[in-house]
Amino acid sequence: MGAENFEHYLPLITSVRRYAKETKRFTKPLFPGYVFAKVPTALKPRIYQQDLLARAIPVDDEARFLHQLQDVRTLIDSGLTLSLHPLVKKGARAKIIGGPLRGLEGIIDDPANPNGIVLCVDVLQQGLLVKVPLEDLEALP
């Protein structure tokens with residue numbers, strides 16, 4: 001993208017790993033697997049020529065997206081600790097991906113407090129609310 005002079009942005013954050021005898025700092029992408037680029041319509045076929053790109057995601061509301069990317073820059077530039085969390089909505093299906101309940105699926109109970117998932121027993125028209133850390137939840141399509 002640099003050779004083509006496409007405007008691009010790869011949000012990077014500093015990560016710290018503590019080992020028994022030392023602490024290591026390294027830079028990693030905030031959104032693994034994604035780089036953001038503004039590619040003129042006529043040049044879009046060029047981004048696929050080297051088979052380095054799996055797919056491009058079109059943006060419907062470019063102004064809103066650019067505003068959100070600026071917010072990301074502001075967060076990163078602040079130096080505050082941040083981490084990636086899935087965006088969850090009430091009623092959305094989710095899968096538990098960590099802990100003793102790994103593999104179970106349910107429904108997000110409350111997006112304002114998204115660490116609860118309701119496991120359904122449809123025949124009884126009942127659900128069981130269980131508290132699950134957000135990092136152990138993965139939104140399902």
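All of the numbers you see were taken from the coordinates with simple rules; none came from a lab. All figures in this text were calculated on a predicted structure; none of them were measured in a lab. Cβ: placed from backbone, ideal geometry, glycine included. Neighbour counts: every protein chain shown.
Structure notes:
- Karplus-derived HN-Hα couplings along the stretch 95-106 (A = 6.51, B = -1.76, C = 1.60, θ = phi - 60°), whole Hz, x at Gly and Pro: 10, 7, 10, x, x, x, 9, 3, x, 6, 10, x
- Neighbour counts of other Cβ atoms within 10 Å put D136, D71 in the fewest-to-most order D71, D136.
- Applying a DSSP loop filter and a limit of 11 other Cβ atoms within 10 Å to the trypsin sites (Lys or Arg not before Pro) in the stretch 1-42 leaves K21.
- Among R64, R55, a tally of other beta-carbon atoms within 10 Å of each Cβ gives an order, fewest to most, of R55, R64.
- Burial ordering of L10, L30, fewest other beta-carbon atoms within 10 Å first: L10, L30
- Cα-based Lys pair tally, the chain, threshold under 25 Å, eight or more apart or on separate chains: 4
- Computed over the chain, Cα set: Rg, Dmax in Å: 19.8, 61
- Only DSSP H runs of four or more residues enter the estimate; each adds -39500 (n - 2.57), and after division by the residues of the chain the mean residue ellipticity at 222 nm equals -4000 deg cm²/dmol.
- Among the GluC sites (Glu not before Pro) in the stretch 1-107, those located in a DSSP loop and surrounded by at most 13 other Cβ atoms within 10 Å of their own Cβ are E4, E22.
- Amide H contacts of L30 (H built 1.01 Å from N, under 5 Å, at least 5 apart or other chain): L12, I13
- Between G116 and D109, D110, V132, the built amide H atoms are under 5 Å apart, and every one of these is 5 or more places off in sequence or on another chain.
- Karplus-derived 3J(HN,Hα), 6.51/-1.76/1.60, for each residue of the stretch 132-140, Hz, glycine and proline x: 9, x, 3, 5, 9, 10, 10, 5, 9
- The chain, dipole about Cα centre (Lys/Arg Cβ +1, Asp/Glu Cβ -1), debye to the nearest 20: 520 debye
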